[in-house]
Every structure is written in structure tokens, then in C-alpha cells.
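The structure appears below as C-alpha cells.
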Amino acid sequence: MSGTLNKVMLIGHLGDDVKMHYFEGGGCIGRFPIATNETYVNKSTNERISNTEWHNIVVRNKAAEICEKYLKKGDKVYIEGRIKTRKWTDDKGMERYSTEIQCTDFTFLSDKNQGDSGNTSNNASEPNEVYHAEPINNPPNINSESDDDLPF
């Protein structure tokens with residue numbers, strides 16, 4: 001084991017619909033922001049403080065298509081994945097950075113039967129159904145021994 005872990009678990013609401021980008025080879029990528037909220041009471045003023053944190057979510061291929069089909073702005077979703085920081089150069093030649101959550105698993109938490117988004121279709125996904133996204137650049141298996149060779 002390498003001794004490191006890059007894992008993120010979020011429950012939040014979509015800040016926008018899923019934006020899709022399709023590639024020539026047939027693959028696709030979906031991007032959407034989700035908001036998580038933290039609320040606490042300031043002990044010195046007894047004032048209720050609420051902070052919203054925004055996270056950029058990236059899903060790929062079939063998982064992206066499922067998200068595009070069933071998720072809408074305002075929906076509640078559970079996202080599991082890992083943090084990835086990208087670097088690029090903008091139009092003015094400045095180096096820019098973006099931190100994203102590369103989604104590996106997700107669960108829809110909004111009840112589509114309530115009709116918040118106006119979608120009353122019967123083919124909508126059941127809430128709480130877990131989807132596993134395709135692995136993104138899985139590291140090779142460095143332990144070539146099979147489980148049968150374990151001493152215990």
C-alpha cells in the first residue's frame with residue numbers, strides 16, 4: 001500500500017444542469033457544480049452563520065449520460081470521487097488552475113415523484129440508486145502475486 005488516499009464524499013445540490021462535451025472517439029464528459037452548506041452559531045453573537053462551498057464535478061462516458069438525463073439544477077446528489085487539479089494557459093497567457101472532483105460513484109437523492117423539476121415521466125431513475133462510473137486511469141496492479149499465495 002502506498003500510504004496515501006485521495007477520496008472525496010459530498011452531498012449537495014446541483015447549481016446548474018449537467019453540461020456535456022462529446023469527443024470524436026465516442027467518449028463524453030459531463031460537468032456540473034454542486035453546493036454544500038455549513039451552518040453554525042457564532043457563540044459570541046448568537047448569530048446563525050451559513051457558508052456555501054462550490055465543487056466542480058466531472059463525470060465520464062456512460063455515467064455522464066446518466067447524469068445528464070436525470071439530474072437537473074437543484075437536485076440533491078451524493079458524489080464520491082477524488083480531487084484533481086488541472087493547469088492550463090488562458091487566452092492572455094496566464095497560467096490558471098482548476099480543482100475538480102472526478103466522480104467515481106454517485107447516488108441520486110432527490111425524489112423525482114415530487115415534481116420539483118416538472119418531470120413527471122415514469123421512466124425517471126429511482127432515488128438512491130447507486131451508479132459506479134468507469135475507472136479513470138487506474139494504476140497498474142503492482143502486486144503480481146495472486147490471493148492464493150498469501151501466507152494466511
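The values are calculated or read from the model by the stated rules, or taken from the named source; none is laboratory data. Here the structure is a predicted model, which means the values were calculated and not measured. Counting neighbours? That spans all protein chains shown, and the Cβs are built from the backbone with ideal geometry, glycine included.
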Among the numbered conditions (1) farther than 16 Å from residue 30 by Cβ; (2) aromatic (Phe, Trp, Tyr); (3) buried (at least 17 other Cβ atoms within 10 Å of the Cβ), tell me where residue 70 comes up short.
(1)
Failed criterion for residue 53 (all others in (1) more than 19 Å from residue 104 (Cβ to Cβ); (2) at pLDDT below 95 hold)
(2)
Given (1) farther than 26 Å from residue 7 by Cβ; (2) in contact with a strand residue (DSSP E or B) (Cβ under 8 Å, 6 or more places away or on another chain); (3) among the small types (Gly, Ala, Ser), where does residue 93 come up short, assuming only one miss?
(2)
Looking at the stretch 23-55 only, could you name the residues that are loosely packed, with under 12 Cβ neighbours inside 10 Å and among the hydroxyl-bearing types (Ser, Thr, Tyr)?
39, 40, 44, 45, 50
State whether one or more residues within the stretch 126-142 are over 21 Å from residue 55 (Cβ atoms), exposed (fewer than 10 other Cβ atoms within 10 Å of the Cβ), among the polar types (S, T, N, Q) and modelled with pLDDT under 95.
yes
Could you tell me whether any residue of the stretch 70-82 is part of a helix (DSSP H, G or I) and closer than 18 Å to residue 107 by Cβ?
yes
How about the stretch 73-106: which of its residues are of a type in the set (A, V, I, L, M, F, W, C) and loosely packed, with under 14 Cβ neighbours inside 10 Å?
83, 88, 94
Is it true that residue 59 is surrounded by 17 or more Cβ atoms within 10 Å (Cβ to Cβ) and in a strand (DSSP E or B)?
yes
I'd like to know if the stretch 3-20 contains one or more residues that are more than 19 Å from the chain's Cα centre (by Cα) and free of Cβ contacts under 8 Å to residues at least 24 places away in the same chain.
yes
